[in-house]
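A.B. asks: First the structure, then my questions, so here it is.
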Amino acid sequence: MPSQHRCIDRRTFMGLTAALATLPAGQALAAAAQAATVEAPLRRKIPGTNESLPVIGMGTADTFNVGRGAEERGAQAEVLAMLLQRIPHPVVDTAPSYGSAETVTGDLLQAVQARGKVFLATKVSTNAVNTMAQFTESRVALQSDSVDLLQVHNLIDWRENLKLLRQWKDQRKTRYIGITHYREDAHQQLADILRAEKVDFLQVNYSLAERNAEKTLLPLCQERGVAVLINRPFQDGRLFAAVKGKPVPDWAGEIDCQSWGQLFLKFIISHPAVTAAIPATSKPKNMADNLGAAFGRMPDTRERARIAAALA
């Protein structure tokens, strides 16, 4: 088993826990995990269930691929603290192909016994003959016997892997199953699979700069009762480059937005097919800004068009 998937030793664990207690965010991770927010974030139901998810969660691609020391993980601990403090039971999405992200996520959640306080999602990203071993490693890394959502990453060996995911759902190793991709050129194949197969979740790219999902995928998910997680909500930062130097429109306050990032996120989560957006960051300032999009008034159709026009 790869060394990065081993649990941290007791000395490192205790050092990490002590470091988290003195984070400069003003709230220790342990306290943040228990904190309740006065204003409740917007939530969306998982279709066909009585369960709902907050519309803003967190991804871990690139941002949680860090080392084992407390100093190396300080920023990640702080953004997770903010998430747990403000958003009850948020989506935390990771994958075995994200370097050490699964291990970092598992360690930080274990440090404050917060596994049950998140909707934990990961993926399988190998040929089906190796998927069992990979999923076993993922659960070791995440320090959890099961996950809430298990997804076929970027449609890798999707036919055979979906068969395995269904078996594991029956065995209660995962509560939901899904498929993912991050590129628009995969949208047609995603749509074909959604029409032919029963899955609980689709994770896909969608943003003001990549709106192809609006044409077929999002309406199809509404029709088929599939929950939707959105990756690449800022198109890997390119949306911010497009508005660099432009002031946030005065009317943004009418939908409780104080930044371009919040406008970008509210455009996404106001689409009725979208269950949650999962922006990834290791910067506490950015996490605080992202979380602001989960609160307040959501844009209607006219205001969504206004946001889109502001980017043009």
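A.B. asks: Once you've got the Cα coordinates, tell me which of LYS45/LYS198; LYS123/LYS285; LYS123/LYS244; LYS117/LYS283; LYS45/LYS117; LYS123/LYS215 are over 24 Å apart.
C.D. replies: Table pairs above 24 Å Cα-Cα are LYS123/LYS285; LYS123/LYS244; LYS123/LYS215.
A.B. asks: Additional query: Percent relative contact order of segment 182-312, based on C-alpha pairs within less than 8 angstrom and at least six residues apart?
C.D. replies: 25
A.B. asks: Using a Gaussian network model of the chain with C-alpha springs under 10 Å, which one of ARG73, ARG43, ARG297 is most mobile by mean-square fluctuation?
C.D. replies: ARG297
A.B. asks: Whole Å is fine, so just give me how far the alpha carbon centre of segment 244-272 lies from that of segment 114-182.
C.D. replies: After rounding, the separation between the Cα centres reads 34 Å.
A.B. asks: Search the structure for amide H atoms under 5 Å from the amide H of ILE177, placed 1.01 Å from N in the peptide plane, and list their residues when 5 or more places away or on another chain.
C.D. replies: For ILE177, the qualifying residues are LEU150, ASP200, PHE201.
A.B. asks: I want to make sure I understand the PRE zone here: with the label point 7 angstrom from the Cα of GLU223 toward its beta carbon, which residues in segment 249-273 have backbone N atoms less than 16 Å away?
C.D. replies: Within reach of a label on GLU223, which here means backbone N under 16 Å from a point 7 Å along Cα→Cβ, segment 249-273 contributes 273.
A.B. asks: Calculated FRET efficiency, THR136 and GLU72, Cβ-Cβ r, R0 22 Å, to nearest 0.05?
C.D. replies: Computed FRET efficiency for THR136 and GLU72: 0.30.
A.B. asks: Using a Gaussian network for the chain with springs between C-alpha atoms less than 10 Å apart, which of these wobbles most: LYS285, LYS173, LYS266?
C.D. replies: Comparing LYS285, LYS173, LYS266 in the GNM, the peak value goes to LYS285.
A.B. asks: Got a sec? Which residues in segment 143-186 would a label at ARG43 touch, if it sits 7 Å along Cα→Cβ and we count backbone N under 19 Å?
C.D. replies: Label zone hits: 148-149, 175-176.
A.B. asks: Ok, one more. Explain nothing, just compute: Karplus ³J(HN,Hα) = 6.51 cos²θ - 1.76 cosθ + 1.60, θ = phi - 60°, for every residue of segment 261-269 in order, whole Hz, x for Gly and Pro.
C.D. replies: Computed from phi, the couplings for segment 261-269 are x, 5, 4, 4, 6, 5, 4, 5, 6 Hz.
A.B. asks: With a ≥ b ≥ c taken as the square roots of the eigenvalues of the C-alpha gyration tensor of segment 166-302, please select rounded if a/c is under 1.5 and otherwise prolate if a/b is larger than b/c or oblate if it is not?
C.D. replies: Since a/c reaches 1.5 and a/b is larger than b/c, the shape of segment 166-302 is classed as prolate.
A.B. asks: If you project the alpha carbons of segment 120-235 onto their three principal axes, what span does each projection cover, largest first, in Å?
C.D. replies: 37, 29, 22
A.B. asks: For every other residue with a beta carbon closer than 10 angstrom to the beta carbon of SER207, add +1 if it is Lys or Arg and -1 if Asp or Glu, then tell me the sum.
C.D. replies: The answer is +1.
A.B. asks: Determine, at each q value in 0.06, 0.13 (inverse angstroms), the log₁₀ of I(q)/I(0) that the Debye formula gives when each Cα of the chain is one equal point scatterer.
C.D. replies: Calculated log10 I(q)/I(0) at the listed q: -0.19, -0.92.
A.B. asks: Counting only other residues whose beta carbon sits under 11 Å from that of VAL129, what net charge do I get with K and R as +1, D and E as -1?
C.D. replies: It works out to a net charge of -2.
A.B. asks: Do you know the relative contact order of the chain, to the nearest whole percent, from alpha carbon pairs under 8 angstrom that are 6+ apart?
C.D. replies: 19
A.B. asks: Does segment 47-126 come out rounded, prolate or oblate, given a ≥ b ≥ c as the square roots of the eigenvalues of its C-alpha gyration tensor, rounded meaning a/c under 1.5 and, failing that, prolate meaning a/b above b/c?
C.D. replies: oblate
A.B. asks: Nearest-5 percent of antiparallel DSSP beta bridges in the chain?
C.D. replies: Beta bridges within the chain, antiparallel portion: roughly 15 percent.
A.B. asks: Here's a follow-up. Considering only PRO279, PRO247, PRO41, give the residue with the highest GNM mean-square fluctuation for the chain, with springs between Cα atoms whenever their separation is below 10 Å.
C.D. replies: Of PRO279, PRO247, PRO41, the most mobile in the Gaussian network model is PRO247.
Bear in mind these aren't lab numbers, they're just calculated from the coordinates by the rules spelled out. No experiment lies behind these values; they were computed from the predicted model shown. When we count neighbours, we look across all protein chains shown, and the Cβ atoms used for this are built from the backbone with ideal geometry, even at glycine.
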